[in-house]
1. Can you put H436, H319 in order of Cβ neighbours within 10 angstrom, beginning with the fewest?
2. Of A535, S361, I243, which is farthest towards the positive pole of the chain's charge dipole, taken about the Cα centre with +1 and -1 on the beta-carbons of Lys, Arg and Asp, Glu respectively?
3. May I ask which of K435/K510; K234/K389; K115/K372 have a Cα-Cα span longer than 25 Å here?
4. If each of E429 and V236 carries a label point 7 Å out from its Cα toward its Cβ, how far apart are those two points in nm?
5. Full-extension gain between N377 and D568, please, as 0.36 nm times their residue separation minus the C-alpha to C-alpha distance.
6. Under the Karplus relation 6.51 cos²θ - 1.76 cosθ + 1.60, θ = phi - 60°, what is the ordered set of whole-Hz ³J(HN,Hα) values for region 380-391, x standing for Gly and Pro?
7. Out of T395, Q578, L186, whose Cα points farthest toward the positive end of the dipole of the chain (charges: +1 Lys, Arg; -1 Asp, Glu; placed on Cβ)?
8. State the answer as a single residue: which of Q440, C314, L79 lies farthest towards the positive end of the charge dipole of the chain, with beta carbon charges of +1 for Lys and Arg and -1 for Asp and Glu, about the Cα centre.
Amino acid sequence: MRTPDLTERNYEALAQLFPNAVTETVDADGRVVRAIDADVLRQEINAHVVEGKEERYQFTWPDKRKSVLLANAPLAAALRPCREESADFDTTENLYIEGDNLDVLKLLRETYLGKVKMIYIDPPYNTGNDFVYNDDFAEDRNEYLSRDHQYDEEGNRMVKNLDSNGRFHTDWLNMIYPRLRVARDLLREDGVIFISIDDNEVQNLRKVCDEVFGEENFVAQFIWERRVTRENRKAVSTRCEYILCFTKSSTEQDIGLLSMNEDAIERYKNPDNDPRGIWTSVPAIAQAGHATKNQFYTLITPAGRELLPPSGSCWRFTHEKMQEAIDDNRIWFGIDGNGVPRIKKFLNEGKQGLTPETLLSANTVGTNDTAKRETVNLFEGMALFETPKPVSLLTHLINISNANNDSLILDFFSGSATTAHAVMQLNAEDGGHRKHIMVQLPELTDENSEAHKAGYANICEIGKERIRRAAAKIKAEKRAKADKDGLFADHTDTQDYGFRVLKLDSSNMKDVYYTPGELVQMGFDLEGFADNIKADRSGEDLLFQAMLELNIPLSARIREEDGIFYVDDNYLIACFRQVDMETLTAIAKRKPYYAVFRDSSFVNDSAMVNFEQVFKTYSPDTRRRVL
């Protein structure tokens, strides 16, 4: 019940590729351990290996090695479901997860490996505000900071990260780096990530992303006009922020075209009354750098004029293909048939759209003020966030990422849950079935804030309520439109407005590190360890841990009957109540792909002994697990 140790996995990969490099050595504790012999490995790869003080291009900071280890280190934790705070728990495919996002990402890594189409995050900007993420890099300052009450009871570092701190950039980099390392594993091969940032760390974030995602996978550094008013309290008024965009693997298909606006459509005409409809045109010439001989020829216009491509250019089509296009009336020579040829592009043919631009203007995607008004309207006049992101900005980025139909979208710095709102809004507009996963640390609201006075103890409570209110608003708008169009009687709204709440917690399994003899000597009652499950954990808690272990999506449909859980019908059947021979036989006859039980639930030794035999008889292919 632990996440994989990626360091061990990397070792095994090297050992498999270069078995002659495997050796043994003694670690700092005097134990003999397996290791990779760097000298042998260097000989095998037969390339120049940079080491020691030899100069090289690199981006580093104090404790970077520790942050790499932190990204790869295994974790024993659980995600516990919370039905009472969820909406449409049994049917929704959306998730809202509360907890430190690094731990949550690690738990999601195996189940959602390569399944996320788009990630958007709006991490802390390192402006001197409190960091509430676990800081494992304080080294010998721990004692002092604990005495000085700069750590809370959970070990979260609460001191303000002022620029006078010698670790100002280091602390921020150690926070963001391991999270991006894990997040990359979740992206599909055509996946895209967008990261909002300001001037304080944009240059460092770009270098981190170059390392994590690959410099060749950089798409753009968008400039977002977040405000339209002048800020007179600074030497220079800052109107913009940045959004870095990287892909998992560099392909043009990862980035999509934007919908055609009215200005773009107005450029489509039909001066020759082509039956295929309105069209625009593009040049029929191209740069000659990679041209073939067949792209250099004399072209004769319908009016008899002879044309050659300009110097340094060639015709876009070969002579044969050009003649086919002319015969099909796809080349435009002007009204008189004597102009420079252009290729006709019809509006109703192929995928049409606008190439995204790096400048995201306030008129197009909104501002912080736009977003603030959105939340104020949703929360009936309460301003709960100072600088939220507008829904229109997120819908714009989702469209750029080509996250269509049933794409999965992740935001692990969820904040005010704008991303979830945007996903629902887009689904309402185009009938899509996009799904979202929101992850947010339950950071306490300030006691003097409007949010705290309104009864919201932490940011997660605001985010969940924002999704509920946005869902109600979108649902009401769709209903009103259908009623206005006279479609209400036949209108069935199947959109998913719900979310399943999960909360990060310690492992469901008891921590037992000693032999029975040692426990007796230490004064422990062995009867307390007869069951390896913690006393406060429910069957549903165990079910979700089993789903993670078996790489079953946490949004899978769940049905419970008589204490037996059915996940995606019969794909997984789990029973954590008392199990007798009759129950075992009934479950086996359903032939599930997975069957999971609790060790202490077997009603007697006979049921335990016959467990394997029952499944071998009725469902030998079922994969069985006992917790």
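1. On the way: H436 29, H319 15.
Ranked by crowding around the Cβ, least crowded first: H319, H436.
2. Projecting each Cα onto the dipole axis, the largest value belongs to S361.
3. In this structure, K435/K510; K115/K372 exceed 25 Å between Cα atoms.
4. 3.3
5. Working: separation 191, 0.36 × 191 = 68.76 nm, distance 3.82 nm.
That pair, N377 and D568, stretches by 64.9 nm at full extension.
6. Computed from phi, the couplings for region 380-391 are 6, x, 8, 9, 8, 10, 7, 10, x, 8, x, 4 Hz.
7. Result: T395, furthest along the dipole toward the positive end.
8. Farthest towards the positive end: C314.
Since every read-out is calculated from the coordinates, none of them should be taken as a lab result. Keep in mind that what you see is a predicted model, and the values were worked out from it rather than measured. Ideal geometry is used to build each Cβ from the backbone, glycine not excepted, and the neighbour counts take in all protein chains shown.
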